[in-house]
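Only one structure is covered here, and it is reproduced in the block below.
All of the numbers you see were taken from the coordinates with simple rules; none came from a lab. Remember, predicted model here, so these are calculated numbers, not experimental data. Quick reminder, even Gly has a Cβ in these numbers, built from the backbone with ideal geometry, and neighbours come from all protein chains shown.
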Amino acid sequence: MDITEVRIKLMDDPHDRLQAFCSITLDGMFVIRDLKIIQGAKGSFVAMPSRKLTDRCPRCYSKNHLRAQFCNQCGVKLDEDRATKDTDGRAKLYADIAHPINSACREHIQTVVIENYESEKIRAQEPGYICTYDDFDEEQFATLADEMLETATVNANPHQNQNGAGHSSTVVKSEDRYHRIDRAQSHASQANHIQTSGNHTPRVTANRQDASGDEGFGMGVL
């Protein structure tokens, strides 16, 4: 097996145990990403790409990682010490996605990666340094949906009402469509539907302005 390319992404914090991410290309045909270079007690070592181990909640059957104190779905409290442990008593919280199956292959990968890591640290000090690691914009911030909308306030009714104010609306543009949002009408503008006055009982007047002189035809007492 020949490691034909190694790409390194250095971490900014020199005091963090995680020193870099890297990807390797095998025989110019197969890429493995998200290997980690970690500072250990005996120096730097390479950790294989891994995923968090999970189990299911006994109440709602949703998956939770083994360090979760509460279920993500139903909120029931979970045992914090439920992960299986190795012979040294350390909890097994991760599982490798890809890994070598013998020590010779592991040592070969670690030697090549660490050599490229040391070279990358030197290149990072040079002016105009550009990282070649493909992170697929993982450091970018997401765009809020509200920032994609264009809003404008328009006068939906150019004729003012009896209080001297028109009905204002908001036009929202989303992609190639426009949507109009009308403000709720005031009680004064709805007087032709429901009338209340003084000590009288509210009456439905069927769009009449005044029903006091009517003989009751078309009216219903509420």
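At-a-glance table
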item: Cβ-derived FRET efficiency at R0 35 Å, Tyr61 paired with Ile38, nearest 0.05; result: 0.50
item: Evaluated at q = 0.21 Å⁻¹: base-10 log I(q)/I(0), Debye formula over Cα of the stretch 1-141; result: -1.28
item: Equivalent ellipsoid semi-axes, the stretch 55-95, via Cα gyration tensor eigenvalues times 5, rooted, Å; result: 22, 9, 7
item: Candidate lysines for bridging to Lys85, where Cα separation is under 22 Å - those fewer than 8 sequence places away on the same chain excluded; result: Lys52, Lys63, Lys77
item: FRET efficiency estimate (nearest 0.05) - Cβ-Cβ, Ala98 to Ile130, R0 25 angstrom; result: 0.40
item: HN-Hα J in Hz across the stretch 26-39 - Karplus 6.51, -1.76, 1.60, θ = phi - 60°, x for Gly and Pro; result: 9, 6, x, 10, 9, 10, 10, 9, 6, 6, 10, 9, 10, 7
item: Amide H partners (placed H, <5 Å) of Tyr94, local residues excluded; result: Leu53
item: Phi to ³J(HN,Hα) by Karplus 6.51 cos²θ - 1.76 cosθ + 1.60 over the stretch 108-122, Hz, x for Gly, Pro; result: 5, 5, 5, 4, 5, 5, 5, 4, 5, 5, 5, 5, 5, 5, 5
item: For Val76, distant residues with modelled amide H under 5 Å away; result: Cys71
item: Cα gyration tensor shape for the stretch 14-57, rounded if a/c is under 1.5, else prolate or oblate; result: oblate
item: Those lysines that a straight Cα-Cα span of less than 19 Å connects to Lys9, excepting residues fewer than 8 apart in one chain; result: Lys36, Lys121
